[in-house]
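What follows is a single structure, written as structure tokens, with notes after it.
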Amino acid sequence: MLFGLSVPSLLLISIAVAVVWIYLPFLVVGYARVQIGYTKEMQSSPRAYFDQLPDYGKRATWAHQNALEAFPIFAAAALMAYVTNQTSEIAGWAAIVWIIARFLFPVFYILNIPIARSLMFGIGSLCSFTLIGLSLISTL
């Protein structure tokens, strides 16, 4: 048990939290759109106005897109761990660390700190691969 929760519970909770994390950078995109005077005309084709966004707004858009790309891998890994009844602390910590890393990823992306952003990407990927590996090992 970690933080008073079973590992299977942590796995499912981490998937739910990951869904929320996808949209956090988009709040910054919304703020950037307000700053450029987002109009009704822009609402009909918001992607056409991407180039007008300030740099932090562009990076927030890319962070949002990356979250959409990273989520399916993590969700599959966490579900694999759940289905194979992973109860090891390693699995629990992999889910927790993924959540932390993927929360920090867009922060570093928006603030334009590439080395920290890349580190968070790598840590998150390692956590997903750990969950997948634990699941596969347990089926042997």
Just to verify a result, which residue in segment 29-61, among those that are among the hydrophobic types (A, V, I, L, M, F, W, C) and either at pLDDT 95 or above or in a loop (DSSP other than H, G, I, E, B) (or both), is most open to solvent (accessible area, probe 1.4 Å)?
I36
Pick from segment 1-28, criterion within 20 Å of the chain's Cα centre (by Cα) and open to solvent by 70 Å² or more (accessible area, probe 1.4 Å), ranking: farthest from A70 (Cα to Cα)
L27
Hits in segment 114-133 - residues which are buried (at least 19 other Cβ atoms within 10 Å of the Cβ) and within 15 Å of A77 (Cα to Cα)
G124, C127, S128, T130, L131
Determine the pairs where a residue that is more than 19 Å from G4 (Cα to Cα), located within segment 66-91, has a partner that is hydroxyl-bearing (S, T, Y) and outside any helix (DSSP H, G or I) with Cβ atoms under 8 Å apart, the partner being 6 or more residues away or on another chain.
T84/T139
Could you list, ordered by first residue, the pairs with Cβ atoms under 9 Å in which the first is in segment 107-123 and modelled with pLDDT of 95 or more and the second is in a loop (DSSP other than H, G, I, E, B), at least 6 apart or interchain?
V107/I113; R117/L111
Scan segment 91-112 and tell me whether some residue there is surrounded by fewer than 16 Cβ atoms within 10 Å (Cβ to Cβ) and either out of contact with any helix residue (DSSP H, G or I) (no Cβ under 9 Å at 6 or more places or on another chain) or hydroxyl-bearing (S, T, Y) (or both).
no
Contact list please: Cβ distance under 6 Å, first residue in segment 125-140 and in contact (Cβ under 8 Å) with a residue 12 or more places away in the chain and closer than 18 Å to L12 by Cα, second residue of a type in the set (F, W, Y) and part of a helix (DSSP H, G or I), pairs at least six apart or on different chains.
C127/W98; S128/F74
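The values are calculated or read from the model by the stated rules, or taken from the named source; none is laboratory data. This is a predicted model, so every value here is computed, not measured. In this analysis, Cβ positions are derived from the backbone assuming ideal geometry, glycine residues included, and neighbour counts consider all displayed protein chains. Just so you know, the surface numbers come from the protein's heavy atoms only, side chains and all, with ligands and any DNA or RNA stripped out. Shrake-Rupley method; radii C 1.70, N 1.55, O 1.52, S 1.80 Å.
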